[in-house]
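The values are calculated or read from the model by the stated rules, or taken from the named source; none is laboratory data. A quick note: this is a predicted structure, and the numbers were derived from the prediction, not measured. Here the Cβ positions follow ideal geometry from the backbone for every residue, glycine too, while neighbour counts run over all protein chains shown. The area values use the complete protein model at the heavy-atom level, side chains included, leaving out ligands, DNA and RNA. Shrake-Rupley method; radii C 1.70, N 1.55, O 1.52, S 1.80 Å.
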Amino acid sequence: MRQGIVRRVAELALRIEPDRSAVLEWILHTPLPALGGQTTFELACNGEGERVIALLNDVLRQPTDAIAQLPQAPMQAMH
């Protein structure tokens, strides 16, 4: 894994979510359904960090009236 890809992901993610702790939590622990359910860190370790970069760039290209958010796994329904 290259540290550079994680840094690039973090820089883009911080443009969406300014809370560094939240970004770190997202990188390490949030599965991304759009990318096979792996976390950003797992994807970066497997040489697929560019897929996360593309996903974040798509989020950043949303219309300016939309509120950009880091991609999340859907919340499971409470029983």
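Take the residues in the range 1-12 that are farther than 16 Å from Asn57 by Cα and touching a residue at least 40 places away in the same chain (Cβ under 8 Å); name whichever of them is most open to solvent (accessible area, probe 1.4 Å).
Ranking the candidates gives Arg2 first.
What are the residue pairs meeting all of these: first residue in the range 13-24, first residue among the β-branched types (Val, Ile, Thr), second residue open to solvent by 90 Å² or more (accessible area, probe 1.4 Å), Cβ atoms under 8 Å, and 6 or more apart or on different chains?
Ile16/Gln69
Is it fair to say Arg61 is closer than 21 Å to Gly4 by Cβ and basic (Lys, Arg)? If you could, list the steps in order and put the result at the bottom.
Values: closer than 21 Å to Gly4 by Cβ: no; basic (Lys, Arg): yes.
Judged against the criteria, Arg61 is not a match.
Filter the range 31-53 for residues that are under 14 Å from Ala10 (Cα atoms) and of a type in the set (A, V, I, L, M); which is surrounded by the most Cβ atoms within 10 Å (Cβ to Cβ)?
Val52
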